[in-house]
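A quick write-up on the structure given underneath.
The values are calculated or read from the model by the stated rules, or taken from the named source; none is laboratory data. As the structure is a computational prediction, the values presented were derived from the model and not from experiment. Cβ coordinates were reconstructed from backbone atoms using ideal geometry, including for glycine residues, and neighbour counts include every protein chain displayed. Just so you know, the surface numbers come from the protein's heavy atoms only, side chains and all, with ligands and any DNA or RNA stripped out. Shrake-Rupley method; radii C 1.70, N 1.55, O 1.52, S 1.80 Å.
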Amino acid sequence: MNELKVSVEQEYEGERLDKFLSLLLKETSRSAIQRLIENGSVTVNEKSVSKNYRVSVDDEVLMRIGELRPPDTEPENIPIDIIYEDNDLLVVNKPRGMVVHPAPGNYSGTLVNALLYHCKDSLSGINGVLRPGIVHRIDKDTSGLLIVAKNDIAHMGLAEQIKEHSFTREYNAVVCGKMKNEIGTVNAPIGRNPKDRKKMCVTEHNSKSAVTHYSVINEYNGYSHLALRLETGRTHQIRVHMAYIGHPVAGDPVYGNDKKSAELHGQCLHAIKIGFVHPVSGEYLEFTTDLPDYFKNFINKISKGEKNAK
């Protein structure tokens, strides 16, 4: 049984308990936190309270986390590309087309199913019964690096770095059109699209701040190859921001409409670098991976036209 004990600071005065913990553990789902509260795994000042309890300054909140994997999440012998592994965490290079965790319509063949086979019971449980070990995620059709926690101490340490924006996350993308500036920043809040709850959008309503930095690597005939660095990590952030400035990610079926890149059957977006302070050893670790074949093949195709190297 692992424990997390925190004292409520002034800035969180009056917040609901479940919201307070979701703000503290940014990459942990609120529903997972609510389940922990409901089953008595969370106490305030040594007493059980409801999820809508309003926290006060200096309240002592204790979260006890045990085994959360449900029996119907089956381990599957699916090959995974492990870039790094130790007793506390793994760094995985996720292929495009693989869903990260089970969800309606995708209860098998996910990265979690593969991790349960590889790691057995050595995965953190703090992020809910269907997402053991998952500290952050990338979309099904986005390829690249993500980190997996083997225990709750590692998970909480990594989640805190994400919350503080000290996590290094860099991507490569091919976007439609020629960029006006070779280097730029998109600083625009992201929230749910009020007209389509499955989509995100730039909005001032019920949104969170979102910052994406980009630089041009190469320009091709009608496309730009970009390096992007996330300062925040909102859902679909790069895809939404690029579409917002008029340069949707090539192949994006949700936020783009480029027929020429539709053959990609998904966005041309790859998480190429990840860096973080090891939550146990304190050592800074950084990993990069090569561009996958689908990405290189698309660049080869569009580079047959005019190319201007930067």
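Overview of values
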{"item": "Some residue of the stretch 213-223 being open to solvent by 40 Å² or more (accessible area, probe 1.4 Å), under 18 Å from Pro248 (Cβ atoms), touching a helix residue (DSSP H, G or I) at 6+ places or on another chain (Cβ under 7 Å) and of a type in the set (S, T, N, Q)", "result": "yes"}
{"item": "Candidates Gly256, Gly251 - the one that is modelled with pLDDT under 95 and in contact with a Cys (Cβ under 7 Å, 6 or more places away or on another chain)", "result": "Gly256"}
{"item": "Test result for Gly282, surrounded by fewer than 18 Cβ atoms within 10 Å (Cβ to Cβ), under 23 Å from Lys163 (Cβ atoms) and over 21 Å from the mean Cα position of the chain (by Cα)", "result": "yes"}
{"item": "Long-range neighbours under 6 Å by Cβ, at least six apart or interchain, first residue closer than 17 Å to Val148 by Cα and assigned to a strand (DSSP E or B) within the stretch 282-297, second open to solvent by 40 Å² or more (accessible area, probe 1.4 Å) and basic (Lys, Arg)", "result": "Thr288/Lys273"}
{"item": "Subset of the stretch 142-192 (residues that are under 14 Å from Met242 (Cβ atoms), touching a Leu at 6+ places or on another chain (Cβ under 9 Å), among the aliphatic types (A, V, I, L, M) and part of a strand (DSSP E or B))", "result": "Ala173, Val174, Val175"}
{"item": "Where Lys140 falls short, out of the listed (1) over 30 Å from Lys296 (Cβ atoms); (2) open to solvent by 40 Å² or more (accessible area, probe 1.4 Å); (3) in contact (Cβ under 8 Å) with a residue 60 or more places away in the chain", "result": "(1)"}
